[in-house]
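Report on the structure given below.
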Amino acid sequence: MTVVFLWTHSTTCIGQPLVINYDEAKIPAYNLPDPLIAENGLLVQTPSAWNQIRRPELLSLFSREMFGAFPDRQVKMEFEVTSDVTDALDGLARRKEVTIRLSGKDDKKSAEVKILLYLPAKINSNIPVFLGYNFYGNHSIQDDPDITLSTSWMRNNSEYGVKENRATEASRGTRSERWPVKMIVERGYGLVTAYYGDVDPDFHDGWQNGVHPLFYRESQQAPEPHQWGSIAAWAWGLSRIMDYLETDALVAQNKVTVMGHSRLGKTSLWAGATDTRFAIVISNNSGCGGAALSRRAFGETLRRINSSFPHWFCGNFAYYNDRESLLPIDQHQLIALMAPRPVYIASAQEDRWADPKGEFLSGVHADPVYRLLGKNGISETEMPEVNQPVGDSIGYHMRSGKHNVTDFDWQQYLQFADRHLK
Ligand code: GTR
């Protein structure tokens with residue numbers, strides 16, 4: 001099936017038909033760039049050539065052409081524990097809230113990121129944790145009147161109790177279905193979450209809000225074309241949360257799994273690529289700009305994503321709209337940047353917009369890098385049956401159902417973490 005939209009929101013393509021392809025037979029012929037051939041044309045044959053030459057090359061290509069470079073300056077950062085109770089979830093969990101305060105050079109601009117932690121109450125140290133952003137505030141993941149209600153800007157949503165761009169009491173617990181806190185804690189893991197909009201509100205305001213302005217040079221108004229967009233800012237925020245976790249004596253610093261869904265799956269992948277402190281990286285239905293190969297142009301395309309969300313990637317990325325074959329990178333190389341650390345890619349059968357097969361193939365084509373580094377990535381080369389997890393250090397499943405995070409997904413992530421961390 002081919003769907004044609006007449007796209008009118010972006011000045012770059014007014015009146016041009018935007019073709020969304022869902023037909024395998026219409027995927028353009030493509031050659032993927034080889035993760036193991038360096039820019040000088042030579043084959044990377046040793047782990048040290050990967051680590052010293054090829055990995056830095058790929059990181060800088062993804063940074064310059066796609067996500068945008070992080071700022072090279074530090075900001076001032078303070079942590080404040082604002083609550084800490086030991087009898088949450090009927091005594092199963094210890095629940096903490098922590099504020100990260102970030103401020104620019106002269107303290108004129110600042111941002112606050114509020115973190116919520118649920119940790120197994122019976123364990124006093126070395127707790128492995130899952131870290132993932134939520135879409136509607138910390139109070140949305142669990143119906144608990146003691147969780148601080150977010151006061152940040154939020155997309156309006158009557159179902160989730162968000163009015164006039166602010167959460168209300170009715171928002172509490174509205175997203176709990178996606179966050180099986182009890183199951184996670186009972187399995188001996190902690191859950192750490194924060195609202196992604198604390199780091200950068202997810203709408204295009206020309207980068208005046210969120211963390212971007214903290215780093216502007218005198219008179220700078222927006223990131224340059226090679227500098228960070230919102231996904232990179234969210235990924236950077238995950239690293240700041242990791243900075244906090246390194247100071248929390250309850251948490252096992254070498255057992256932090258970063259997880260994200262959809263746009264936040266794209267974010268967890270970029271965080272995992274740029275910050276090797278993350279022990280495991282999970283992409284849940286991340287699709288275009290995440291785990292899905294761009295060159296397949298199946299479902300969401302670069303043109304579509306850059307038109308709908310002009311703030312997500314860096315300015316340079318739009319150059320590749322309808323020119324995927326000119327990209328010096330593709331998303332299997334993003335997966336390879338996790339190597340040798342375990343990475344899990346999850347798709348959903350009905351989520352064709354995110355191109356499940358393109359997500360699977362990214363894992364398959366990242367495998368040679370894992371092999372070079374002495375790990376079995378994934379040996380399957382054909383799409384597995386639905387609800388059949390496969391792979392070793394590169395895990396993959398395609399769940400039945402829609403674009404979402406379900407208990408089935410979490411069960412696989414817990415099992416994957418058990419396998420690789422215990
Ligand atoms: C969609 C977008 C996807 C995905 C999703 C989400 O509108 O096209 O790339 O990121 O949003 O994050 O929920």
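The values are calculated or read from the model by the stated rules, or taken from the named source; none is laboratory data. Because the structure is a prediction, the values reported are computed rather than measured. Positions of Cβ are generated from backbone atoms using ideal geometry, with glycine treated the same way; all protein chains shown enter the neighbour counts. With ligands, DNA and RNA removed, areas are computed over all heavy atoms of the protein, side chains included. Shrake-Rupley method; radii C 1.70, N 1.55, O 1.52, S 1.80 Å.
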* To do: Select from the range 304-318 the residues that are within 8 Å of the ligand (Cβ to nearest atom), of a type outside the set (F, W, Y) and open to solvent by 10 Å² or more (accessible area, probe 1.4 Å) and write down the one among them that is farthest from C288 (Cα to Cα).
  => S308
* Of all residues in the range 259-301 being within 14 Å of the ligand (Cβ to nearest atom) and among the basic types (K, R), the one that is nearest to K357 (Cα to Cα) -> K266
* How do the pairs read when you match residues in the range 171-195 that are without any contact (Cβ under 8 Å) to a residue 40 or more places away in the chain with residues anywhere that are in a strand (DSSP E or B), using Cβ under 8 Å and keeping only pairs 6 or more apart or on different chains? -> S171/V162
* List the pairs whose first member sits in the range 398-417 and is in contact (Cβ under 8 Å) with a residue 24 or more places away in the chain and on the phi < 0 side of the Ramachandran plot, whose second member is of a type in the set (V, I, T) and exposed (fewer than 15 other Cβ atoms within 10 Å of the Cβ), and whose Cβ atoms are under 7 Å apart, counting only residues at least 6 apart or on separate chains? -> M398/V386; S400/V386
* Select from the range 324-380 the residues that are among the β-branched types (V, I, T) and over 23 Å from Q415 (Cβ atoms) and write down the one among them that is farthest from the chain's Cα centre (by Cα). => V369
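So which of R95, R64, R55 is open to solvent by 60 Å² or more (accessible area, probe 1.4 Å) and either assigned to a helix (DSSP H, G or I) or out of contact with any Gly (no Cβ under 9 Å at 6 or more places or on another chain) (or both)?
Values: R95 fails: open to solvent by 60 Å² or more (accessible area, probe 1.4 Å); R55 fails: open to solvent by 60 Å² or more (accessible area, probe 1.4 Å).
Checking each option against the conditions leaves just R64.
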* Asked: When you go through I141, I123, I127 one by one, which is the residue that is more than 19 Å from E177 (Cβ to Cβ) and under 23 Å from the mean Cα position of the chain (by Cα)?
  -> I127
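Residues to consider are E169, E186, E112; find the one that is more than 16 Å from the ligand (Cβ to nearest atom), closer than 20 Å to W234 by Cβ and of a type in the set (D, E). Spell out how you get there, then give the answer.
On the way: E169 fails: closer than 20 Å to W234 by Cβ; E186 fails: closer than 20 Å to W234 by Cβ.
Only one candidate qualifies: E112.
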* Structure fact -> Per the list (1) touching a helix residue (DSSP H, G or I) at 6+ places or on another chain (Cβ under 8 Å); (2) on the phi < 0 side of the Ramachandran plot; (3) more than 11 Å from the ligand (Cβ to nearest atom); (4) of a type outside the set (D, E, K, R), residue check on L245 breaks on (1)
* Does the range 232-240 contain at least one residue that is open to solvent by less than 10 Å² (accessible area, probe 1.4 Å), touching a strand residue (DSSP E or B) at 6+ places or on another chain (Cβ under 7 Å) and assigned to a loop (DSSP other than H, G, I, E, B)? -> no
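Would a scan of the range 127-146 turn up a residue that is closer than 17 Å to F203 by Cα, of a type in the set (V, I, T), assigned to a strand (DSSP E or B) and open to solvent by less than 40 Å² (accessible area, probe 1.4 Å)? First the steps, then the outcome.
Going through the range 127-146, the residues closer than 17 Å to F203 by Cα turn out to be 133-137.
With the extra rule that they be of a type in the set (V, I, T), the set shrinks to none.
Checked against the condition, which is being closer than 17 Å to F203 by Cα, of a type in the set (V, I, T), assigned to a strand (DSSP E or B) and open to solvent by less than 40 Å² (accessible area, probe 1.4 Å), the range 127-146 yields no hits at all.
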* Index of the failed condition, G265 passing every other in (1) in a loop (DSSP other than H, G, I, E, B); (2) within 10 Å of the chain's Cα centre (by Cα); (3) without any contact (Cβ under 8 Å) to a residue 40 or more places away in the chain -> (1)
* **Every residue from the range 147-159 that is open to solvent by 10 Å² or more (accessible area, probe 1.4 Å) and in contact with a strand residue (DSSP E or B) (Cβ under 8 Å, 6 or more places away or on another chain)** => T148, L149, S150, T151, S152, W153, R155, N156
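Just to verify a result, which residue in the range 79-92, among those that are touching a Ser or Thr at 6+ places or on another chain (Cβ under 8 Å) and of a type outside the set (F, W, Y), is least open to solvent (accessible area, probe 1.4 Å)? If you could, list the steps in order and put the result at the bottom.
Step one: filter the range 79-92 for residues touching a Ser or Thr at 6+ places or on another chain (Cβ under 8 Å), giving 79-80, 82-83.
Then drop every residue that is not of a type outside the set (F, W, Y), which leaves 80, 82-83.
Details: E80: 80, T82: 73, S83: 28 Å².
The qualifying residue least open to solvent (accessible area, probe 1.4 Å) is S83.
If I ask for residues that are open to solvent by less than 50 Å² (accessible area, probe 1.4 Å), more than 16 Å from the ligand (Cβ to nearest atom) and of a type in the set (D, E, K, R), which ones from the range 323-379 would you list?
From the range 323-379, those open to solvent by less than 50 Å² (accessible area, probe 1.4 Å) are 324, 327-339, 341-348, 351, 354-356, 358-364, 366-367, 369-370, 372-373, 377-378; that's our starting set.
Going one step further and asking which of them are more than 16 Å from the ligand (Cβ to nearest atom), we end up with 327-330, 332-333, 335-339, 341-344, 360-361, 363-364, 366-367, 369-370, 372-373, 377-378.
Matches in the range 323-379: D330, R341, D367.
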